[in-house]
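Laboratory data are not the source of any read-out in this text; all were calculated from the coordinates shown. Just so we're clear, the structure is a prediction, and the values are computed from it rather than from any experiment. Every residue, glycine as well, gets a Cβ built from its backbone with ideal geometry; the counts of neighbours run over all protein chains shown.
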């Protein structure tokens, strides 16, 4: 049997990282690897369901070691196996015309715009109530209490869910233009579990990275519903 391996693209890394972080201790899988199979199986259906299918990252360009754009190398050539050469389900969104966007891969329904948490008709980078950035607890409470677009089951997305709408083929902001987005951090509902549980994860929509910060600082918010 031939095992086809490649350096994992970022969504596979995210999936594995979230499996290790979020799964119960007795079901965790710890792997040390230089490459990963094209397909992998996880034994806990409740967790594995979150990663099938993995939406494509949106990156379509190949680069050399100095960051120059190059033609994507053929198999067997140096630098073959970059993100742009492996294609998952293409990002696909539907603007529902009511201030929400449906991700056609995951089924998640998102607020189209950054949450206008102070209801002043604009998005500003000050802390609530003069601006729209909230602490982590305020963000959770805001989404849980939101009644919008005929629905009241909104919530703050998990780290994995929020990363699923990052478009790694764009920057400033790193998101499909069907959304309106600030090039800054957005809160996820996911708490750090290995360091201080006073911290939680945020996702950067300027360059696409993640960060953990104390729950008392303020980030932007985008609520989600009908989740995975």
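Points worth noting:
- Inverse mean reciprocal Cα-Cα distance (Kirkwood Rh) of region 136-213, Å: 13.2 Å
- Gyration tensor over the Cα atoms of region 86-181: the corresponding equivalent ellipsoid has semi-axes (square roots of 5 times the eigenvalues, largest first) of 24, 16, 13 Å.
- Highest average first, the peptides 215-222, 96-103 ordered by how many other beta carbon atoms sit within 10 Å of their residues are 215-222, 96-103.
- Radius of gyration and Dmax over the Cα atoms of region 69-228, both given in Å: 17.0, 57
- Region 177-228: radius of gyration over Cα atoms, expressed as a fraction of 2.2 N^0.38 Å: 1.20
- Using distinct alpha-carbon pairs, which all enter the 1/r mean, Kirkwood radius of region 60-120 in Å: 14.9 Å
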